[in-house]
Amino acid sequence: MVIRYQLLKEDAQSMARLGKITTPHSEIDTPCFMPVGTQATVKALSKEEIEATGAQIILGNTYHLWNQPGHQLIEKAGGLHQFMNWDRSILTDSGGFQVFSLAKLRDIKEEGVYFKHHKSGKPLFLSPELAIEIENSLGSDIMMSFDECPPYPSTREYMEKSVERTIRWAKRGLEAHRRKDVQGLFGIVQGGEYEDIRKYCAKELTALPFDGYSIGGLSVGEPKAIQNHVLSYTTPCLPKDKPRYLMGVGSPGAILDGVERGIDMFDCVLPTRIARHSCAMTSHGRIILKNQAFESDFRPIDDECDCYTCQNYTRAYIRHLVKAEEILAARLISIHNVQFLENLMKNIRKAIQEDRFLQFKEEFYAKYGLNESEKDF
């Protein structure tokens with residue numbers, strides 16, 4: 001296996017675990033959060049700024065990079081690492097979620113999915129083989145299988161057929177993978193809220209030689225209670241000696257819930273997306289910096305944060321930038337939000353190491369607040 005996982009410690013009171021993932025480009029301490037670099041860039045941030053946040057791995061988007069600038073061009077440039085000047089680990093998704101969330105007029109067939117581009121309406125076709133071909137060209141350390149991400153809610157009949165197709169597509173993707181010596185490939189467990197279907201999917205996929213496993217089809221509109229219940233019975237079905245990845249989750253509450261249930265890896269556009277709407281995460285909850293309340297507030301975004309933004313700029317100044325529609329506002333808040341989540345992961349790892357994860361979670365909520373309205377976008 002090109003991707004190696006080392007389990008360092010398990011929490012005595014939950015399924016939380018401390019580990020280390022080794023890829024061809026770097027080592028990653030887990031649990032970890034991966035900032036999303038959709039189009040070969042974490043929006044508004046330079047490589048140096050991303051590194052300064054403590055991010056160990058970032059995510060690239062197969063669907064978007066396939067359409068612009070094209071995977072052949074990125075391969076010609078020497079791969080995604082060289083193209084975007086990032087020398088740490090990269091994970092690429094397969095495009096399956098974008099087909100679900102963005103594409104117009106999807107037509108799912110056994111051979112793949114026929115759909116239209118989310119902006120131009122151009123006819124497109126994506127299959128397990130093509131998705132792997134694109135990811136091989138991108139040269140990411142960790143690739144994701146091409147799967148169907150069913151909508152929530154879905155009927156049992158639909159979900160059974162969808163999961164069988166996802167399993168067949170996973171096998172086809174493994175067969176199409178041509179760079180097994182330098183790129184890992186993860187399988188994606190689907191099944192919606194149906195426990196028996198989830199467990200069946202996990203059983204079938206873990207019998208295949210994947211480097212790790214992700215749990216897909218969550219954070220797509222289901223209540224938090226269902227998401228947590230699905231995690232509670234799905235992660236025990238996954239191998240202890242391989243990474244476990246919960247896709248598309250990035251709010252502090254959802255991360256803590258996932259860690260408690262044995263998840264090692266998280267990703268989400270949340271920190272940079274809400275930054276573009278003047279929303280900042282702080283140790284006492286989210287704040288909206290465009291609000292009048294911050295006009296004369298000369299404190300940093302978060303007194304407990306050591307990021308570049310908090311060390312150099314005030315809430316009042318950033319509010320001024322927001323109101324003046326200056327690009328720097330989104331940049332400064334993005335730096336802060338990404339580092340806030342990276343600091344959260346660092347503190348989570350420390351708490352697991354010291355056998356006090358559940359205590360840490362309780363203390364975090366006491367300050368941050370438990371906001372059930374938070375969305376993972």
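The values are calculated or read from the model by the stated rules, or taken from the named source; none is laboratory data. The model shown is predicted, which means the values in this text are computed figures rather than measured ones. Glycine gets a Cβ as well: all are built from the backbone with ideal geometry, and neighbour counts include every protein chain shown. For the accessible areas, the whole protein counts, side chains as well, though only heavy atoms, and no ligand, DNA or RNA atoms are used. Shrake-Rupley method; radii C 1.70, N 1.55, O 1.52, S 1.80 Å.
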*asked:* With the structure loaded, tell me whether VAL220 is open to solvent by 20 Å² or more (accessible area, probe 1.4 Å) and of a type in the set (A, V, I, L, M) or whether it fails that test.
replied: yes
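Quick grid of which residues meet (1) buried (at least 22 other Cβ atoms within 10 Å of the Cβ); (2) under 17 Å from the mean Cα position of the chain (by Cα):
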{"position": "LEU205", "(1), (2)": "yes, no"}
{"position": "GLN227", "(1), (2)": "yes, yes"}
{"position": "SER232", "(1), (2)": "no, no"}
{"position": "ALA280", "(1), (2)": "yes, no"}
*Selection count where residues are touching a helix residue (DSSP H, G or I) at 6+ places or on another chain (Cβ under 9 Å) and either in a helix (DSSP H, G or I) or aromatic (Phe, Trp, Tyr) (or both), scope region 294-322*: 15
*Residues being more than 14 Å from LEU332 (Cα to Cα), open to solvent by less than 70 Å² (accessible area, probe 1.4 Å) and free of Cβ contacts under 8 Å to residues at least 24 places away in the same chain: count how many of those fall in region 289-301.*
1
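Can you go through GLY95, GLY60 and tell me which one is open to solvent by less than 10 Å² (accessible area, probe 1.4 Å) and under 30 Å from ASN347 (Cβ atoms)?
Numbers: GLY95 fails: under 30 Å from ASN347 (Cβ atoms).
After ruling out the rest, the residue left standing is GLY60.
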*asked:* Restricting to region 347-370, name every residue that is buried (at least 16 other Cβ atoms within 10 Å of the Cβ), within 21 Å of PRO271 (Cβ to Cβ) and touching a residue at least 24 places away in the same chain (Cβ under 8 Å).
replied: ILE348, ARG349, LYS361, PHE364, TYR368
*When residues of region 302-340 are filtered for being closer than 20 Å to ILE255 by Cβ and either touching a strand residue (DSSP E or B) at 6+ places or on another chain (Cβ under 7 Å) or surrounded by 23 or more Cβ atoms within 10 Å (Cβ to Cβ) (or both), how many remain?*
10
_Here is a check on your reading of the model: is ALA52 open to solvent by 30 Å² or more (accessible area, probe 1.4 Å) and not acidic (Asp, Glu)?_
yes
*asked:* Looking only at region 63-80, how many residues end up being surrounded by fewer than 22 Cβ atoms within 10 Å (Cβ to Cβ), over 19 Å from SER127 (Cβ atoms) and of a type outside the set (Lys, Arg)?
replied: 6
